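K.L.:
Following this message is one structure expressed as structure tokens.
The values are calculated or read from the model by the stated rules, or taken from the named source; none is laboratory data. Keep in mind it's a predicted model, so treat the numbers as computed, not measured. Ideal geometry is used to build each Cβ from the backbone, glycine not excepted, and the neighbour counts take in all protein chains shown.
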Amino acid sequence: MAQRVEPFWKRKTLEEMDQAEWESLCDGCGLCCLQKLEDEDDANAIYYTRVACKLLDRESCQCSNYAERTRFVPDCIQLTPGAAAKFNWLPPTCGYRRIAEGKDLPPWHHLVCGDPDAVHAAGISQAGRMVAEDAVAEDDWEEHIIFRVG
């Protein structure tokens, strides 16, 4: 009887993962690419809005120019294993955050179920429910808050 091998995210630390493994932790929800607001009175509170980054495809939740995203969006945050301790601003469903916190991936994650669209079927992403960044004045982002982290 063959011995079952644990998946890489259970047997490797974030730092031990190769680039492909690291990138595959992304569940494709696109939530990290939504505009966020910080509460000046509560430094721990991050409010996610339904306002999508100009490069985010609002239907597929994929970056339309991932390879060159920082050229077009200079403040785009590069998620790296070394910064994992600071991932508390990511939604609690995020594969990167969950692994950094020592949790397993959720059942709808494509690495678990094999279906890259499961994140949308589970209602985790905002696919089809986002608004374009250039369609909403920054002063009006507050009207599009969808959840709070922190």
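Matching residues to (1) under 23 Å from residue 55 (Cβ atoms); (2) among the hydroxyl-bearing types (Ser, Thr, Tyr):
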{"residue": "78", "(1), (2)": "yes, no"}
{"residue": "93", "(1), (2)": "yes, yes"}
{"residue": "111", "(1), (2)": "no, no"}
{"residue": "125", "(1), (2)": "yes, yes"}
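K.L.:
While we're on this one: Based on this model, can you work out whether residue 82 counts as surrounded by fewer than 13 Cβ atoms within 10 Å (Cβ to Cβ) and within 29 Å of residue 16 (Cα to Cα)?
P.N.:
Numbers: surrounded by fewer than 13 Cβ atoms within 10 Å (Cβ to Cβ): yes; within 29 Å of residue 16 (Cα to Cα): yes.
Yes, satisfied.
K.L.:
Looking at region 33-47 only, could you name the residues that are under 15 Å from residue 138 (Cβ atoms) and in contact with a Phe, Trp or Tyr (Cβ under 7 Å, 6 or more places away or on another chain)?
P.N.:
Of everything in region 33-47, those that are under 15 Å from residue 138 (Cβ atoms) and in contact with a Phe, Trp or Tyr (Cβ under 7 Å, 6 or more places away or on another chain) turn out to be 34, 35, 36, 37.
K.L.:
Considering only residues of region 107-123 that are in a loop (DSSP other than H, G, I, E, B) and either within 17 Å of residue 61 (Cα to Cα) or touching a residue at least 60 places away in the same chain (Cβ under 8 Å) (or both), which is farthest from the chain's Cα centre (by Cα)?
P.N.:
Among residues in region 107-123 that are in a loop (DSSP other than H, G, I, E, B) and either within 17 Å of residue 61 (Cα to Cα) or touching a residue at least 60 places away in the same chain (Cβ under 8 Å) (or both), the one farthest from the chain's Cα centre (by Cα) is 115.
K.L.:
Looking at 135, 67, 118, 43, which one is loosely packed, with under 12 Cβ neighbours inside 10 Å, at pLDDT 95 or above and not basic (Lys, Arg)?
P.N.:
Criteria check complete, one pass: 135.
K.L.:
Follow-up. Residues being within 23 Å of residue 81 (Cβ to Cβ) and β-branched (Val, Ile, Thr): count how many of those fall in region 102-150.
P.N.:
4
K.L.:
May I pose another question? List the number of the failed condition for residue 127; all other conditions in (1) crowded, with 17+ Cβ neighbours inside 10 Å; (2) touching a Gly at 6+ places or on another chain (Cβ under 9 Å); (3) closer than 30 Å to residue 16 by Cα hold.
P.N.:
Of (1) crowded, with 17+ Cβ neighbours inside 10 Å; (2) touching a Gly at 6+ places or on another chain (Cβ under 9 Å); (3) closer than 30 Å to residue 16 by Cα, only one is false for residue 127: (3).
K.L.:
Continuing with this model, one more query. Tell me the residue from 14, 34, 25 that is crowded, with 18+ Cβ neighbours inside 10 Å and at pLDDT below 95, please.
P.N.:
Values: 34 fails: at pLDDT below 95; 25 fails: at pLDDT below 95.
Every option except 14 fails the conditions.
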